[in-house]
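Take a look at the structure below.
The values are calculated or read from the model by the stated rules, or taken from the named source; none is laboratory data. As the structure is a prediction and not an experimental result, all values here were calculated from the model. Cβ coordinates were reconstructed from backbone atoms using ideal geometry, including for glycine residues, and neighbour counts include every protein chain displayed. Calculation scope for accessible area: heavy atoms of the full protein, side chains included, ligands and nucleic acids excluded. Shrake-Rupley method; radii C 1.70, N 1.55, O 1.52, S 1.80 Å.
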Amino acid sequence: MRFPTPLIPATLIKRYKRFLADCRLEDGREVTAHCANPGSMLGLAEPGMRIWLEPNDDPKKKLKYGWRLVEHASGDFTGVDTSVPNRALKAALEAGQIAALAAYSEVRAEVKYGQNSRIDFLLRGEGLPDAYVEVKSVTLSRQPGLAEFPDSVTARGAKHLRELGDMAEAGHRAVMLYLVQRTDCARFALAADIDPTYAAEFKAAAARGVERLVIGTKITPEGVEVGPPFAD
């Protein structure tokens, strides 16, 4: 998935009200960018961080910049836009690039299911059980090389796990797919200390037949591509 508009570098001044970020462009101008991430962004929103913004000239949008990436001192990137994973994954699923799900020929996004919920992807293929795939964007890393989810308490995430368990018990495939939007991690764990309820719900869902799939990404200021799976 390529960014429609070339990104430009900036320095983060502060993030506030969850969805707003004041930034300083390289020419010294200060602008406010939209932050498409409702999470805590733990470790990713420190003043002075080098970030990448996507400009837009859409008259319908109040803010003319969107915050897309954090660039770390190591040169690695973290994608902070939570809408990116589904866009990147849709293309990868349709191209059969995710081996565990490559047998499915039909990919449908945002299909209603469960209790007033929508599954990120419903996959169908001849002779195969339907696959319900829920996607979570992973951006937290508190130890070198280790990605963690969630970065804050997520009651909605726990609800999704219960609904995936229902699908598994009904005879479908149910997949919890964690897309790691960091280029500096090769391992994954649940952050049970941040949200013990979510960790317990995941354990219960796995016992009911929910699969776990952790996928990496390749991130540059040009775009985000789905990478190889993490070793489980």
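Brief remarks on what is shown
- Subset tally (residues that are basic (Lys, Arg) and touching a residue at least 40 places away in the same chain (Cβ under 8 Å)) for the range 97-148: 2
Conditions (1) under 25 Å from residue 86 (Cβ atoms); (2) modelled with pLDDT of 95 or more; (3) not hydrophobic (A, V, I, L, M, F, W, C), marked per residue:
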residue: 22; (1), (2), (3): no, yes, yes
residue: 28; (1), (2), (3): no, yes, yes
residue: 32; (1), (2), (3): no, yes, yes
residue: 38; (1), (2), (3): yes, no, yes
residue: 45; (1), (2), (3): yes, yes, no
residue: 50; (1), (2), (3): no, yes, yes
residue: 53; (1), (2), (3): yes, yes, no
residue: 58; (1), (2), (3): yes, no, yes
residue: 61; (1), (2), (3): yes, no, yes
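- Taken together, the residues in the range 169-200 that are over 20 Å from residue 44 (Cβ atoms) and surrounded by 21 or more Cβ atoms within 10 Å (Cβ to Cβ) amount to 4.
- Pairs are defined by a Cβ separation below 6 Å, a sequence spacing of at least 6 or placement on different chains, a first member in the range 15-42 that is part of a loop (DSSP other than H, G, I, E, B), and a second member that is hydrophobic (A, V, I, L, M, F, W, C) and open to solvent by less than 30 Å² (accessible area, probe 1.4 Å); the pairs so defined are 19/35; 37/80; 42/140.
- The range 9-46, residues that are among the β-branched types (Val, Ile, Thr) and within 21 Å of residue 60 (Cβ to Cβ): 31, 32
- Boolean, residue 143 is modelled with pLDDT of 95 or more and loosely packed, with under 13 Cβ neighbours inside 10 Å: yes
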